[in-house]
1. Name the residue, out of Val441, Val415, that is among the β-branched types (Val, Ile, Thr) and under 22 Å from Ser494 (Cα atoms).
2. Tell me, yes or no, whether region 159-171 has at least one residue that is of a type in the set (A, V, I, L, M, F, W, C), at pLDDT 95 or above, in a strand (DSSP E or B) and under 29 Å from Gly104 (Cα atoms).
3. Condition (residue is surrounded by 16 or more Cβ atoms within 10 Å (Cβ to Cβ), within 17 Å of Asp245 (Cα to Cα) and not assigned by TED's automatic domain parsing to the domain that holds Asn298) applied to region 193-206: is it met by at least one residue?
4. Looking only at region 96-111, count every residue that is in contact (Cβ under 8 Å) with a residue 24 or more places away in the chain and surrounded by fewer than 20 Cβ atoms within 10 Å (Cβ to Cβ) and tell me the total.
5. I'd like to verify a number: residues in region 219-242 that are in contact with a strand residue (DSSP E or B) (Cβ under 9 Å, 6 or more places away or on another chain) and either more than 19 Å from Lys141 (Cβ to Cβ) or in the same structural domain as Gln308 (by TED's automatic domain parsing) (or both), how many?
6. With the condition kept exactly as written, say whether any residue in region 193-209 is assigned to a loop (DSSP other than H, G, I, E, B), modelled with pLDDT of 95 or more and over 23 Å from Pro453 (Cα atoms).
7. Report the residue count in region 244-269 for those that are buried (at least 21 other Cβ atoms within 10 Å of the Cβ), of a type in the set (A, V, I, L, M, F, W, C) and under 18 Å from Ala205 (Cα atoms).
Amino acid sequence: MGNRRRVAERRKTRPAVVGGMIAVVVVGAGFGVYALTGGSAADDRTSATSSSGDNKPKVKTGPLSAKEVQSASTTFLTSWQTGKVTQAAAVTSDSTAATALLTGYTKDAHIKDVTLTAGTRTGDKVPFSVKGTVSYKGTTKPLAYESSLTVVRNKETGKPQVDWHSSVVHPDLKDGDTLVTGESGTPPVKAYDRDGGELTTAKYASLGPVLDGLREKYGKTAGGKAGIELQVVRGKASQKAKLSDKTLLTMSKGTPGKVKTTLSPTFQAAAERQVAAKARSSVVVIRPSTGEILAVANNSRSFNVAFQGSLAPGSTMKVVTSTMLFEKGLVKPDQSHPCPKTYKLAGWTFHNDDDSEIKQGSFKLAFGASCNNAFINFAPKLSNSDLTKEAQQVYGLGLNNWAIGVPTFDGSIPVQSGAQMGASLIGQGGVRMNPLNMASVSATVESGVFRQPYLVSPDVDHRTLAKASRTMSAQTQGWLKEVMRYTAGYGTASKAMSGVYGDVGAKTGSAEVDGQKKPNGWFTAYRGDLAAAGVVQAGGHGGDTAGPIVAALLKMG
């Protein structure tokens, strides 16, 4: 065994106890520092020569000790707080990116007098609070927020370091984003519902991303004047994900312009109540006859899953698949069609939920029971592009050309082959949707025509709405409404749709996600001139999770 030695640095001052935690006060650069202590980064440095006598130091491996986590986090926080950017960046996993963002924190965001207070460590994660002052051209305002960091072990050196992401500096930052204080490039807007009431996050908690999107789209044309703000300015990756710039602190208010939306105050308030009661839920309500969006709500206030989510839609995709099968003349609702317990395709074995099967029954029964293999066993009769074409041409999906007034993800139905193509037929594989997309699917079935959903009337800015290249036949529409009506009355959607009367149709979905214990629960439905869709991520079966949310909103029509 090689010799082992431990190098430790002795403290010259005794740590003080502040608020029940050990803290060290560092004087200098006009900062007051309060951070968890635990010795310098050198306290846990251990080296050893290899047993082979080559004198190469062994790299420390294994889980981090509490002392290592405390040491790395203290070094980082103390260095950042005292303005020693290079030292702070050196203890991260990406010193270049850390240096750039921490430098910009002072120079571009104009944040000074920073105090960082570490909280109680949980494993390798250390939460901390930030207090500072934003000062720009004679105007100052206090800034306070919560953040956290995670300490990891460097694989090459074995030393503990802060796992660098921009969110360490501020939780609203994605990697590549920056913080900037100055005259905002986009004037503020005041958004209004269809009845003239102002839309605010105080009234509708989840509308933050929507309001940000409206400002980005209409701020320069709505007649407003820019103010001075601390903003998250999105980088290339965030722009690609269609994330809007975000205001964190208003230094001086500009003059807002005005934008009127199609949102209904009644439906929006109800949608907010529904998602508030169910974690990770999202919902959208549409008017099929016009495409007007009446409500959009998310349990999360930071990301608009309802408009921008990209999730496998599970069995709700069977509405689109059935449209294709009906148009190709491969099946009719009352035609006998088996749903075997298992089905093999291109080396994969597909199973139904709970390993169920339908030996003798109609396609309508299989649709209502959401029996997977009744759809996958059509794969040998289909080309790889059939589902893609159906989604694009009839439902307007996957073309990335919707113009609703704020950023959206318009669905993705890639051309696939073999088992992946089979999985696409039941909304898995590479298929990706969100509640806006699936509400539009139900709206298209109800009206027989795709009308691109919109949040702001195209009359406001004369933009062109997306159109489908063809319309489903009246017979196909009739058959779709037949199978969806059966599902709402007798199938997997019947429990949720109980008490929803009139011209109704519905489809449930459960989408498996790798590493997730419960599937994402989906539900899409219509009632007369209303269509809605929702998702509850990691919630379980759609009929039990998203179903009650959608049904409650349809009952209001």
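1. Val441
2. yes
3. Scanning region 193-206 turns up at least one residue that is surrounded by 16 or more Cβ atoms within 10 Å (Cβ to Cβ), within 17 Å of Asp245 (Cα to Cα) and not assigned by TED's automatic domain parsing to the domain that holds Asn298.
4. Qualifying residue count, region 96-111: 3.
5. Residues meeting the conditions: 10.
6. Yes, the conditions are met somewhere in region 193-209.
7. Final tally of qualifying residues: 2.
Yes or no, residue by residue, for (1) under 17 Å from Ala439 (Cα atoms); (2) aromatic (Phe, Trp, Tyr); (3) in contact with a helix residue (DSSP H, G or I) (Cβ under 7 Å, 6 or more places away or on another chain):
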| site | (1), (2), (3) |
| --- | --- |
| Thr247 | no, no, no |
| Gly257 | no, no, yes |
| Gln268 | yes, no, no |
| Ala271 | yes, no, yes |
| Arg287 | yes, no, no |
| Ile293 | yes, no, no |
| Asn304 | yes, no, yes |
| Leu311 | yes, no, no |
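The values are calculated or read from the model by the stated rules, or taken from the named source; none is laboratory data. Bear in mind the structure is a predicted one, so any value in this text is a computation, not a measurement. As a convention, Cβ positions derive from the backbone with ideal geometry for all residues, glycine included, and neighbour counts pool all protein chains shown.
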